[in-house]
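One structure below.
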Amino acid sequence: MAKPTPRYRDKKSGYGKEGESALGLARTPPNSMEAEESLLGGILIDNDSINSAMEVIVSEDFYKPAHRKIFEAMAALSEKGEPIDIVTLSAKLRSLNYLEECGGIEYLSKLASITPASAHVGYYARLVKAAAIRRRLIHEAIEIINGSYAEECDIEDYLDEVEQRILQISDYKIRPSFYEIGSIVKDSIGHVEKLYEQKEPVTGVASGFRDLDKITAGFQPSDLIIIAARPSMGKTSLALGIVQHVGVHQGKPVALFSMEMSKEQLVLRILCSEARVDGSGVRTGNLKEKDFPRLVEAASRVADAPIYIDDTPALTVAELRAKSRRLHKEHPLSLIVVDYLQLMRSPAFSSISREQEISDISRSLKALAKELNIPVIALSQLNRSVESRNDKRPLMSDLRESGAIEQDADVIAFIYRDEFYNKETEDKGVAEIIISKQRNGPTGVVKLTFTPEYTRFDDFIDRDDIGYIEEDGSEFEFSDSADDLF
């Protein structure tokens, strides 16, 4: 019986012994041995060139195992500010018991002597990276082929897995490093000129809430916006109001990931809000005579909206990013909404703390916003410390499970409704949207009206008090007439 093809020994690179392919192919996997040797030799000649290499590659990108170990030793010497030459490098490898495995001093001397030019290290690094990406593609392709024979797996789940694996390879691509400021200034001035000509106060994605848009100028591209509150404060209702405005009223594509509510529940909420119909009556079938025509009319508007809902429970960051990328290619998105952050999972969740997991998730959502250049809104829970204070308005320290959310977010908004805690309050139906952080704008408090039977937020109606309150307590008054609100 023929000996089976060996599986991967090195999960990161895909190769075991030098020259042995674990890909199950008869031919040698893609590699550029000359580039690997010239790269390492170039670093021996010019130590500073390691910085150019490290911007492009990691040690696992080398095809030859000995080259990986040599590069790791070079990086360790560079990190400590020590010179990288044949003497120091051989000493480092010897201390790690790798010197003989890497060919000894003779091989290190050979590397230095055969390098054409140390000035080309960056170019050699790109050749090494390109070959490494090709090997990863081959590996994933073979794994996909093998997995496709497993008839017991659910084909839809497997397609999602395949898509994620292929898209994750793009994380290994060569990324641009520095841009000359001149080109950035030109683009920035062009953007400012465009805004000046438009003279629109909202430069980003409008929320649909007049006073919120005045303080934020809309949700900006590449921003991560956190909307946080205690349970039953209206996080989902506020998010759906934004989705409703962007998708239904502006006709812009928006993706909604819900790990808490089903797609049917979400659509029912949007319909009730759009029609201004009591949601409890809809759920029980106890409709008023005027309600059904309103729902039908609202349904016709909502049905045509480019709103895309995914209600997969416990999504991983990789799954969400893969789905977002695919949808964005088909329907260029203007906004992504995630409900809610603490219900997501990190691929490494079993081996890290919950705080680390939430940090990974928030960091990945920010990266997604930058990658697609659109705002991402993520809802978040608050910890119970709010309940122990007399003033139950949320603070930044109340963000649940991770201070990293505070660092990653561009905007952090809290929802507070006094009537939830104080039944005798004069502020019934009033919600405060507390902007506690805005990286490129003011902080303050925006008042909205909340109608619980419609689970709907609207612009605040009392013109004596409309606007937002600065953190120093002073109030900003708008000059618009009340008619402009509707």
Q) Among the GluC sites (Glu not before Pro) within the range 266-323, which fall in a DSSP loop and have no more than 15 other Cβ atoms within 10 Å of their own Cβ? A) E289
Q.
List the pairs from K194/K329; K370/K437; K252/K290; K252/K329; K370/K447; K194/K447 whose alpha-carbon separation is above 21 Å, in the order I gave them.
A. K194/K329; K252/K290; K370/K447; K194/K447
Q. Which GluC sites (Glu not before Pro) does the range 397-443 hold that lie in a coil by DSSP with at most 13 other beta carbons within 10 Å?
A. E424, E426
Q: Work out the length of the dipole vector of the range 273-395 about its Cα centre, built from +1 on the beta-carbon of each Lys and Arg and -1 on the beta-carbon of each Asp and Glu, and round it to the nearest 20 debye.
A: 280
Q: For the range 67-143, state which GluC sites (Glu not before Pro) are in a DSSP loop and have at most 14 other beta carbons lying within 10 Å of their beta carbon.
A: E100, E101
Q.
With bins 10 Å wide starting at 0, give me the P(r) of the range 204-485 over every alpha carbon pair, in whole percents.
A. 6, 29, 37, 23, 6, 0
Q. Most exposed first by the Cβ proxy, i.e. fewest other Cβ within 10 Å, how do T115, T449, T216 rank?
A. T449, T115, T216
Q: With a 10 Å radius around each residue's Cβ, average the other Cβ atoms per peptide and rank 412-418, 55-61, highest first.
A: 412-418, 55-61
Q | Interchain or long-range residues, amide H under 5 Å from R456's placed H | A | T451
Q: Starting from the Kirkwood radius over alpha-carbon pairs of the range 33-172, derive D by Stokes-Einstein at 4 °C in a medium of 1.567 mPa s and give it in µm² s⁻¹.
A: 78
Q: Tabulate in residue order the Karplus-calculated ³J(HN,Hα) for the range 415-420, using 6.51 cos²θ - 1.76 cosθ + 1.60 with θ = phi - 60°, rounded to whole Hz; enter x for Gly and Pro.
A: 9, 9, 10, 4, 5, 5
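Every read-out reported here was derived from the displayed coordinates using simple, explicitly stated rules and does not represent laboratory data. Please read all numbers here as calculations on a predicted model, not as lab measurements. When we count neighbours, we look across all protein chains shown, and the Cβ atoms used for this are built from the backbone with ideal geometry, even at glycine.
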